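Presented below is the structure to which this report refers.
The values are calculated or read from the model by the stated rules, or taken from the named source; none is laboratory data. It should be emphasised that the depicted structure is a prediction, and the values quoted were computed from it without experimental measurement. Here the Cβ positions follow ideal geometry from the backbone for every residue, glycine too, while neighbour counts run over all protein chains shown.
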Amino acid sequence: MPSPPRQGSRTGARECPSGFTLVETSVTLALLALLVAIGLPSMQEFRMRQQASAIANLLVSHLASARMTAISHNVPVIVCPSAGGGTCRQDREWGGHWVSFRDPDGNRQPDEDIDIYRNDTVPDDPSIRIVSSQGRRYVRYQPTGMSYGTNLTIRICHGGRVASSVIMNNTGRARTVRGNLKTPC
């Protein structure tokens, strides 16, 4: 049996609809802005590292393909940076294009268009710079798969800082190394 209504209470009175007050909304927006301010630099660094990692992996893939081609075709193969015309650049910049070609005469340039095995375009981003260490400006694989000469380091820099590196040793093996983003390029 329902209890009778108390004195002073109104039956059938309308209650206020529930919602957010201005203070609650302001606090929520302030917390959201704080979380975005904390997370945004981390996301930018994550994106930068992912971009550098993708470029490093593309370069390692290109080098591995050239090495396998040298072994399987029993001919020296060169990988070098290119300005896009199928010829090797003479500076340390590896941005733009990478070209691999057979080089039986040892002149370090493709003699005919049919000599070019691969010509990859590097992802274009104005804040990314790809530069090699002093010494070797190209990689030459022998038919044995070896790459004689000094070791080569190709740095992928983002905003003037080393984001990743590809290190090439004399045996022809390429590996990637994560940069610390504090080292200037």
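Determine whether region 70-78 contains at least one residue that is within 18 Å of D124 (Cα to Cα) and at pLDDT 90 or above. Checked against the condition, which is being within 18 Å of D124 (Cα to Cα) and at pLDDT 90 or above, region 70-78 yields no hits at all.
When you scan region 22-43, do you find a residue that is surrounded by fewer than 18 Cβ atoms within 10 Å (Cβ to Cβ), touching a residue at least 40 places away in the same chain (Cβ under 8 Å) and more than 21 Å from N107 (Cα to Cα), even just one? No, region 22-43 has no match at all. Across region 139-185, the number of residues qualifying as assigned to a strand (DSSP E or B) and not hydroxyl-bearing (S, T, Y) comes to 19. Pick from region 88-103 the residues that are touching a Pro at 6+ places or on another chain (Cβ under 9 Å) and in a loop (DSSP other than H, G, I, E, B): which of them is surrounded by the fewest Cβ atoms within 10 Å (Cβ to Cβ)? This residue is D91. The condition (being surrounded by fewer than 16 Cβ atoms within 10 Å (Cβ to Cβ) and in contact with a Cys (Cβ under 8 Å, 6 or more places away or on another chain)) is satisfied by just one residue among G85, G106, G160, G149: G160.
Considered as a group, the residues in region 173-185 that are in contact (Cβ under 8 Å) with a residue 24 or more places away in the chain, under 16 Å from L58 (Cα atoms) and not β-branched (V, I, T) include one that is surrounded by the most Cβ atoms within 10 Å (Cβ to Cβ), and that residue is A174. Among the conditions (1) assigned to a helix (DSSP H, G or I); (2) at pLDDT below 85; (3) more than 21 Å from G179 (Cβ to Cβ), P4 misses just one, which is (1).
Filtered by the rule that a residue be touching a residue at least 12 places away in the same chain (Cβ under 8 Å), surrounded by fewer than 18 Cβ atoms within 10 Å (Cβ to Cβ) and either of a type in the set (G, A, S) or under 17 Å from I156 (Cα atoms) (or both), region 61-82 gives A64, S65. Give the residue, chosen from T153, T121, T171, T183, that is of a type in the set (S, T, N, Q) and more than 25 Å from M48 (Cα to Cα). Among T153, T121, T171, T183, only T171 is of a type in the set (S, T, N, Q) and more than 25 Å from M48 (Cα to Cα). Counting only residues that are part of a strand (DSSP E or B) and among the aliphatic types (A, V, I, L, M), region 104-123 holds 1 of them. Counting residues in region 99-110 that are under 25 Å from A52 (Cβ atoms), in contact with a Gly (Cβ under 8 Å, 6 or more places away or on another chain) and polar (S, T, N, Q) gives zero.
In the set (1) over 16 Å from A56 (Cβ atoms); (2) in contact (Cβ under 8 Å) with a residue 24 or more places away in the chain, G95 fails one condition alone, (1).
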